[in-house]
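Only one structure is covered here, and it is reproduced in the block below.
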Amino acid sequence: MADLDAFRSETRAWLEANCPAEMREPVRDEDDVYWGGRKATFKSAAQKSWFEACVAKGYTVPAWPKAYGGAGLDAAEAKILREEMSRIGARPPLSSFGIWMLGPALLKFGTEEQKVKYLNEIARGEIRWCQGYSEPGAGSDLVSMQTFGDDQGDHWVVNGQKIWTSYADAADWIFCLVRTDKTNKYQGITFMLFDMETPGVSTKPILLISGNSPFCETFFDDVKVPKDQFVGEINRGWDVAKYLLGHEREMISGAGGGDRNSAIGAAMLRHSGTLDPILRAELAMFDVDALAYNCMGERFLDEIKVGKAHPAQPNMMKYAGTELNKRRHELMMAAGGSRSLEWDSEETGGGKPSRNWLRTKANSIEGGTSEVMLNVISKRILDLPGA
Amino acid sequence: MPLYHDDDQAMLADSARQFMAEEGAINKQLRHWRDKGCKDGFGHELWKQFGEMGFTGILVAEDDGGLGLGNVEAGIVLEEIGRNLTPSPFLTSSVLAATALAQGSDDLRGRYLPGLLTGDSVFAVAIDEGAKHHPEAIKTKAEKSGNGFKLSGKKDFVIHGASADMIIVAARTSGGDSDADGLTLFAVPKDAAGLSQDAVKLVDSSVATHMTLDGVALAGDAVIGEVDGGRAVLNRMLNAGRIGAAAEGIGVARGAMDMTVDYLKQRKQFGKLIGEFQALQHRASHLYSEVEIARAAVIKAQQLLDAGSQKAELMVSVAKAKVGRTANLAVREGVQMHGGIGMTDEYDIGLYMKRDRALSEFLGDANYHTERVAQLNGY
Ligand SMILES: Cc1cc2nc3c(=O)[nH]c(=O)nc-3n(C[C@H](O)[C@H](O)[C@H](O)COP(=O)(O)OP(=O)(O)OC[C@H]3O[C@@H](n4cnc5c(N)ncnc54)[C@H](O)[C@@H]3O)c2cc1C
C-alpha cells in the first residue's frame, strides 16, 4: 500500500510536469488524439510534447513490458495511472489499433522477434495499423470470408477484397485474415501482417453518413506476402482473430475510459437557465445508467486482471457501453436543439455535435453488432441451447 | 481497492449462501410463515440463528461485541436474503437501527445492542409519513417536556413495527417541516404509552404498520445523537439502509434471472427448448447485462460508504435507482418467460415479483433516487 501511495504521488507529480493544459481538455473528436504512423503530423506543439513525454516513460502502453516499449506497470499501478489521468482529464497520448488490437494479440501469440519489432513500433507511434477482417459477403458471419492466399513456397499471393477497413488509407500496415485452406472453414484462415505499400494493395475511401470517410474498401490484387509474416500458426488464424476481437470489444465498450457521466444536465442548465422537465428526467435516468456502467467498467478491469471475469464478458461490456454511448449522443442532440443541427458552422466546430452523433451509430455495429454480442452472451455466458 | 470481494468477504459469501439456501429457503421460511398467517411475517428461530452466525452484529463495533465490519459485508448477507426471499428483520435491525445506534450514547448501545447480537431483539425504523418516501420533510413533532420529550405524529410503512422491541423515530424538535436542521432521532420502546400501531400485511407477505404517536413521553436519554442534529444521523442510517436494500434487490434480481434462465433450458414448445428462440435469448442476455452493471454499482457504493468517501451519497442513489429498475426488469421478464405457470401461486417466480415491488419502494424507489442523482449532479 505504501508503495502504491508513493507511486500515486510520483505519478501525480509527473503528470503535473508533463501533461500540458491543452491536453487536459475533453477530446471533441478523433482528430484531437494522435494516431501515429508514417504519414502522421501533430496537431499542436502540446500534442507533440505530451506524446513524446509518454513515449519516453513507456506510458503510451503502460502495462506492456519495458522491452516492448511499455512501462511494465502491474495491474494496481496501471489502475492508479488511469485514475490519475482521468482525474485531470488527460487525453490519451496515442490511440491506435496497434495498442488496442494487434498488440494484445502479439503479446499472446507473437514470437519474441515479432514482439520486439512490432510492439516497439506501436508503442513509439511509428507504424499505424489497420484491420482487414470484414468482407462484402462476410460481416457478422466473419468466418465465411473468402480473401485467398495462394501458397507459393516462400510467399503467399493474396487476392480478394476487404471492406469497412477503418483508416486503411492512413495506415502503414494491415493485420489481415486470409484464407489459406478452402476446405476447412475455421481452421483454414491465416492471420497475416503486411505493408500497405506492397504492390497490389489499393484502397478506396467510403463516405459515411457523418460526412467523413474514415474507412475504405481495400483491394488485394496479387499481393506478395513473405511466408514469415503471420501470427500464431498457419491455418489457425481464427484463434488469433477471436482473441483480438475480445480486446477490440473491450476498447469500443469504453470500459476504463474515465467518467462517462458527461454532466449534460448541469451544462445545459448553466447554458440556458432552464431544462425541459421530460428531458431532465431522461438525462437523470441516463446518468444513473452511465454512472453504474462506469462501476461495471472498473469492476471488469479489476476482475479481468486476476482472471475473475468471465472470458466472454467483453461482449457484454461492448453491448452495454455502445448502446449507452448512442443514447448519450441522442440526449446531447436533444439538449442542443437546433444549434446542434448545424452541419458546418464555426460555432459548432464544423458540425461536431451532429457528426459525432451520427458516428456513434456505428458503435453498435463495428467490432461485432449488438445482436451478435447478445448471441455470444446467450451462448457462452448463459449457456442457452442452440445459441 | 479492487471492485470485487477479497478473500475474507468471499468466505463470508460462501457461508451466507449456504446458510440462506438451507435455513432461509422459500419453502422453509417465506411460504411456511405466509401460509400459517404469521403475525410477524418471519420466524424468530431463524433470527436467533442469524445471531449465532454472527450476521446480526456485522455493522456493530467490536467494542460493542459485534464484528465491526462494513456495508460490503452486510450486503453479502443481504444478497443471499434477496436470492432466497428470506423474511427476516435483518435490514431494519442490523443495518438501519445498528447504523443509527452506532452514533448513540454508551447507555443506548448498552441497552439495545446485546439483544440485537443474539437475535432476541427486533428493531424497526419509522421515517415515512405518507405513501411515498420523502424524508426531506418530516412533520412528526417532539416537544420538550421536563427533562424529556413528547412525540406526536403519524408514520407509515414501518416494516416490522409490530414485532419490534424498539422503533427509531425521526421527529422534528425545531424548525419548519422541510428544514434540514431541527430533526432528532429517538429510540422508542414498543410499550411506550401513547404509541399505537395498525399492522397491515403487504403484497410480499411482510408486515408493516401505520403508527400513531399521541404524546409519547420519552426521557432525554432516548435521543440518538444530538438534539436538532438528527439529519446527519438519519442520513447515515439512510445511506446504509438504501445500499442494503439495493444489495437485497440484486439478490432478488439474480434469483429471478437464474430461475428464468433455467426454465428456458427445460420448457419445450414447437419441438424446441424455448431457450433456442433468439427473441428470448436476447432478452435474457440484456437482462444479464443489466444485472451485472447494477451489481457493480452496488459494490462500488458499499466500498465508498465504508471508506467514508464524499462520493458515497451519489453512488448510493445511483445503485438504488439502478437496482430498482433492474430487479423490476428481472421479475417482469421472469414471469413473462415462464408463461402461464409464472402466474401460479405454486411457482416461485411470482414471489420474486412481489418482493421486488415492496423492496424497491422501501427507502425511496427508482424515481426518487433518479431525482436525487439529478440534484446531486447539479441540475
Ligand atoms: C465505423 C465502422 C468501422 C469499421 N471498421 C472495421 C475495420 O477496421 N475492419 C474491419 O474488418 N471491419 C470493420 N467494420 C466492419 C464491422 O465489423 C461490420 O460492419 C460488422 O461486423 C457487421 O457486419 P455487416 O456490416 O456485414 O452487417 P451484417 O452482418 O450484414 O448485419 C446486418 C444486421 O443483421 C444482424 N445480424 C446478422 N447476423 C445476425 C444473427 N446471427 N443474429 C441476429 N442478428 C444478426 C446484425 O446485427 C445487423 O443488425 C467497421 C464497421 C463500421 C460501421
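The values are calculated or read from the model by the stated rules, or taken from the named source; none is laboratory data. Source: prediction; values computed, not measured. We place every Cβ from the backbone using ideal geometry, glycine too, and count neighbours over all the protein chains shown. Just the protein is used for accessible areas: all its heavy atoms, side chains included, with ligands, DNA and RNA removed. Shrake-Rupley method; radii C 1.70, N 1.55, O 1.52, S 1.80 Å.
Among the numbered criteria (1) touching a Ser or Thr at 6+ places or on another chain (Cβ under 9 Å); (2) within 7 Å of another protein chain (Cβ to nearest Cβ), which single criterion is violated by B:Q303?
With (1) touching a Ser or Thr at 6+ places or on another chain (Cβ under 9 Å); (2) within 7 Å of another protein chain (Cβ to nearest Cβ) applied to B:Q303, the lone miss is (2).
When you check A:L102 against the structure, is it out of contact with any helix residue (DSSP H, G or I) (no Cβ under 6 Å at 6 or more places or on another chain), surrounded by 19 or more Cβ atoms within 10 Å (Cβ to Cβ), modelled with pLDDT of 95 or more and in a loop (DSSP other than H, G, I, E, B), yes or no?
no
Among the candidates B:D204, B:D228, B:D179, which residue alone is acidic (D, E), surrounded by 15 or more Cβ atoms within 10 Å (Cβ to Cβ) and modelled with pLDDT under 95?
B:D179
To keep it simple, each residue is scored yes or no on (1) farther than 19 Å from A:A292 by Cβ; (2) at pLDDT 95 or above; (3) open to solvent by less than 20 Å² (accessible area, probe 1.4 Å).
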| residue | (1), (2), (3) |
| --- | --- |
| B:A294 | no, yes, yes |
| B:D306 | no, yes, no |
| B:K322 | no, yes, yes |
| B:A327 | no, yes, yes |
| B:H338 | yes, yes, yes |
| B:E346 | yes, yes, no |
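Taking the conditions exactly as written (among the basic types (K, R) and in contact with a strand residue (DSSP E or B) (Cβ under 6 Å, 6 or more places away or on another chain)), does B:R231 satisfy them or not?
Taking the combined requirement at face value, the residue satisfies it.
Given the options B:D258, B:D306, name the one that is among the acidic types (D, E), under 27 Å from B:I26 (Cβ atoms) and more than 16 Å from the ligand (Cβ to nearest atom).
B:D258
Is there a residue being away from the ligand (no atom under 12 Å from the Cβ) and among the acidic types (D, E) anywhere in region A:128-138?
Checked region A:128-138: no residue is away from the ligand (no atom under 12 Å from the Cβ) and among the acidic types (D, E).
Report yes if B:S317 is in contact (Cβ under 8 Å) with a residue 60 or more places away in the chain, among the polar types (S, T, N, Q) and under 20 Å from B:V95 (Cα atoms), otherwise no.
So B:S317 passes the test.
So which residues in region B:34-50 are closer than 22 Å to B:D204 by Cα and open to solvent by less than 60 Å² (accessible area, probe 1.4 Å)?
Answer for region B:34-50, where residues must be closer than 22 Å to B:D204 by Cα and open to solvent by less than 60 Å² (accessible area, probe 1.4 Å): B:R34, B:G37, B:C38, B:D40, B:G41, B:F42, B:G43, B:L46, B:W47, B:F50.
So which residues in region A:196-207 are open to solvent by less than 40 Å² (accessible area, probe 1.4 Å), in a loop (DSSP other than H, G, I, E, B) and at negative phi, if there are any at all?
Hits for region A:196-207 are A:M196, A:T198.
For region A:362-387, which positions are open to solvent by 60 Å² or more (accessible area, probe 1.4 Å) and within 10 Å of the ligand (Cβ to nearest atom)?
Of everything in region A:362-387, those that are open to solvent by 60 Å² or more (accessible area, probe 1.4 Å) and within 10 Å of the ligand (Cβ to nearest atom) turn out to be A:I365, A:E371.
What do you reckon, is A:L193 farther than 26 Å from A:G350 by Cα, open to solvent by less than 30 Å² (accessible area, probe 1.4 Å), in a strand (DSSP E or B) and within 13 Å of the ligand (Cβ to nearest atom)?
No.
Among the candidates B:A171, B:A162, which residue alone is small (G, A, S) and in a helix (DSSP H, G or I)?
One residue alone meets the criteria, B:A162.
Taking region A:105-127, which residues are of a type outside the set (V, I, T) and either under 18 Å from A:E233 (Cα atoms) or within 16 Å of the ligand (Cβ to nearest atom) (or both)?
Answer for region A:105-127, where residues must be of a type outside the set (V, I, T) and either under 18 Å from A:E233 (Cα atoms) or within 16 Å of the ligand (Cβ to nearest atom) (or both): A:A105, A:L106, A:L107, A:K108, A:F109, A:G110, A:E112, A:E113, A:Q114, A:K115, A:Y118.
From the list B:G275, B:G271, exactly one residue is more than 14 Å from B:L96 (Cα to Cα) and open to solvent by 20 Å² or more (accessible area, probe 1.4 Å). Which is it?
B:G271
State yes or no: is A:K352 more than 14 Å from chain B (Cβ to nearest Cβ), surrounded by fewer than 20 Cβ atoms within 10 Å (Cβ to Cβ) and within 16 Å of the ligand (Cβ to nearest atom)?
In short, no.
For region A:140-184, please list each of the strands (runs of 3 or more DSSP E) lying entirely inside it that holds at least 1 residues being within 13 Å of the ligand (Cβ to nearest atom), in the same structural domain as A:V201 (by TED's automatic domain parsing) and of a type outside the set (D, E, K, R).
A:155-166, A:173-179
Do the conditions hold for B:R283, that is, is it open to solvent by 70 Å² or more (accessible area, probe 1.4 Å), assigned to a helix (DSSP H, G or I) and more than 8 Å from chain A (Cβ to nearest Cβ)?
So B:R283 fits the description; yes.
Any idea which of A:L94, A:L102 is away from the ligand (no atom under 16 Å from the Cβ), in contact (Cβ under 8 Å) with a residue 24 or more places away in the chain and not polar (S, T, N, Q)?
Selected residue: A:L94, the only one of A:L94, A:L102 that is away from the ligand (no atom under 16 Å from the Cβ), in contact (Cβ under 8 Å) with a residue 24 or more places away in the chain and not polar (S, T, N, Q).
With respect to the numbered conditions (1) more than 11 Å from chain B (Cβ to nearest Cβ); (2) part of a helix (DSSP H, G or I); (3) open to solvent by 20 Å² or more (accessible area, probe 1.4 Å); (4) polar (S, T, N, Q), which one is the sole condition not fulfilled by A:S345?
Going through the list (1) more than 11 Å from chain B (Cβ to nearest Cβ); (2) part of a helix (DSSP H, G or I); (3) open to solvent by 20 Å² or more (accessible area, probe 1.4 Å); (4) polar (S, T, N, Q), A:S345 breaks only (2).
Specify the residue that is farthest from the other protein chains (Cβ to nearest Cβ); the eligible residues are those in region B:359-377 that are surrounded by fewer than 24 Cβ atoms within 10 Å (Cβ to Cβ) and touching a Gly at 6+ places or on another chain (Cβ under 7 Å).
B:D365
Taking only region A:119-139 into account, find how many residues are assigned to a helix (DSSP H, G or I) and crowded, with 24+ Cβ neighbours inside 10 Å.
3
Kindly indicate the residue of region B:339-366 that is without any contact (Cβ under 8 Å) to a residue 24 or more places away in the chain and not in a loop (DSSP other than H, G, I, E, B) and also nearest to B:A131 (Cα to Cα) among those meeting that condition.
Top of the filtered list is B:G350.
Results for (1) more than 12 Å from chain A (Cβ to nearest Cβ); (2) of a type in the set (A, V, I, L, M), shown as yes or no for each residue.
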{"site": "B:V291", "(1), (2)": "no, yes"}
{"site": "B:A307", "(1), (2)": "yes, yes"}
{"site": "B:R325", "(1), (2)": "no, no"}
{"site": "B:M343", "(1), (2)": "yes, yes"}
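Could you please tell me which pairs satisfy a Cβ distance under 7 Å, a separation of 6+ or placement on different chains, a first residue in region A:139-165 that is within 14 Å of chain B (Cβ to nearest Cβ), and a second residue that is within 12 Å of the ligand (Cβ to nearest atom)?
Pairs that qualify, where the first residue is within 14 Å of chain B (Cβ to nearest Cβ) and the partner is within 12 Å of the ligand (Cβ to nearest atom), are A:S140/A:T369; A:S140/A:V372.
Just give me the residues in region B:56-67 being of a type in the set (A, V, I, L, M, F, W, C) and touching a Ser or Thr at 6+ places or on another chain (Cβ under 7 Å), in sequence order.
Across region B:56-67, the qualifying residues are B:I58, B:L59.
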